[in-house]
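Heads up: the structure comes next, in structure tokens.
The values are calculated or read from the model by the stated rules, or taken from the named source; none is laboratory data. None of these values were measured; they are calculated from a predicted model. Note that each Cβ is placed from the backbone with ideal geometry, even for glycine, and that neighbours are counted across all protein chains shown. The accessibility values were calculated without ligands, DNA or RNA, using every heavy atom of the protein model including side chains. Shrake-Rupley method; radii C 1.70, N 1.55, O 1.52, S 1.80 Å.
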Amino acid sequence: MKLIDGKEVSAALKRKIAEEVEQMVAAGYRRPKLVAVLVGNDGASQVYVGHKERACGEVGFDSEVIRMSADTTEEELNAVIDRLNADDSVDGFIVQLPLPSHLSEQSVIERVSPSKDVDGFHPETTGRMISGLDAYLPATPAGILELIKYYGIETAGKHCVVIGRSNIVGRPIANLLSMKGYPGDCTVTLCHSRTKNLKEVVKSGDIVIAALGIAEFVTADMIKEGATVIDVGITRVEAPERKSGFRLLGDVKFDEVAPHCSYITPVPGGVGPMTIVCLMQNTLKAARKHLGITK
Ligand code: GUN
């Protein structure tokens, strides 16, 4: 069994991005710039946005966080999005989700200009991705592809079973792994809450991607000997003995599943660290486009 080390892979990718940024700057271009819009006081969102801001600093990007109060109106948020869409110094921006319940996430997603959609959430971006065109890939699926590439995990002709059909993980990764080429050419099954014989289906997977959001759902009896298991879940459970007061559980019962795998991601330290670096990759890609850098 080999542990997939998302911290190692994300650090390597960050170094590569930082090198490219320094080359751009040395050639006289400005630094890429990412802006995050944070509405309200959601604790996890504040932490995530802080991590994104720190990662920008590490790779040499300019960054800005726009903090807005929990009672921000749709008009006020729209005005900020419109301003960022029109600001040539901003390569990409994200509106951190979830939003306070009086705001529509879908209308926000659709208001972001596709040319700055580094989250990869706009329907135009999704359409391009599904058509196999150049697109900003959403961060979690992109991170999974990077892990597969880094470890040289074979995908052609493999049966990939994805559990969970969310717009931001399950459906895009199922689609991407069905594409021609590497990492792709998989035969993909997308499982969800209405799937019959789920255990048997998962057990037929050479690659299992657990993205359903139920802690320790995938157990050893569901896994084929030698499978690759990618765990996207992060559920916080109380742990009074820890300084933080909580610990993170994945969607896979790691201790019993790991001995049966050829590769497995831990939680934390697997897919998680990859998502931010993929957001950085999208921002670099956006900057190169906006600055007309083609090589
Ligand atoms: N909330 C949790 N993950 C994400 C993400 O990748 N992008 C945005 N905008 N919000 C999130």
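Just a few scattered comments:
- In region 80-125, the residues that are of a type in the set (Gly, Ala, Ser), more than 12 Å from the ligand (Cβ to nearest atom), under 20 Å from Glu64 (Cβ atoms) and not in a loop (DSSP other than H, G, I, E, B): Ala86, Ser115
- Positions within region 44-73 being within 22 Å of Arg31 (Cβ to Cβ), away from the ligand (no atom under 16 Å from the Cβ) and open to solvent by 50 Å² or more (accessible area, probe 1.4 Å), in sequence order: Gly57, Glu58, Asp62
- Qualifying position, being open to solvent by 20 Å² or more (accessible area, probe 1.4 Å), modelled with pLDDT of 95 or more and closer than 25 Å to Thr155 by Cβ, among Ala210, Ala258, Ala220: Ala220
- Pairs meeting the criteria (first residue in region 159-172 and in contact (Cβ under 8 Å) with a residue 40 or more places away in the chain and farther than 11 Å from Pro141 by Cα, second residue crowded, with 23+ Cβ neighbours inside 10 Å and of a type in the set (Ser, Thr, Tyr), beta carbons under 8 Å, at least 6 apart or on different chains) are lacking.
- Screening Glu200, Glu146 for residues that are charged (D, E, K, R), under 14 Å from the mean Cα position of the chain (by Cα) and within 24 Å of Val257 (Cα to Cα) leaves exactly one candidate, Glu146.
- Pairs where the first residue, in region 80-97, is free of Cβ contacts under 8 Å to residues at least 60 places away in the same chain and the second is surrounded by fewer than 19 Cβ atoms within 10 Å (Cβ to Cβ) and assigned to a loop (DSSP other than H, G, I, E, B), C-beta under 8 Å, 6+ apart: Asn85/Ser113; Ser89/Arg30
- Residues located in region 129-142, provided they are touching a residue at least 12 places away in the same chain (Cβ under 8 Å) and more than 10 Å from the ligand (Cβ to nearest atom): Met129, Ile130, Gly132, Ala135, Tyr136, Leu137, Pro141, Ala142
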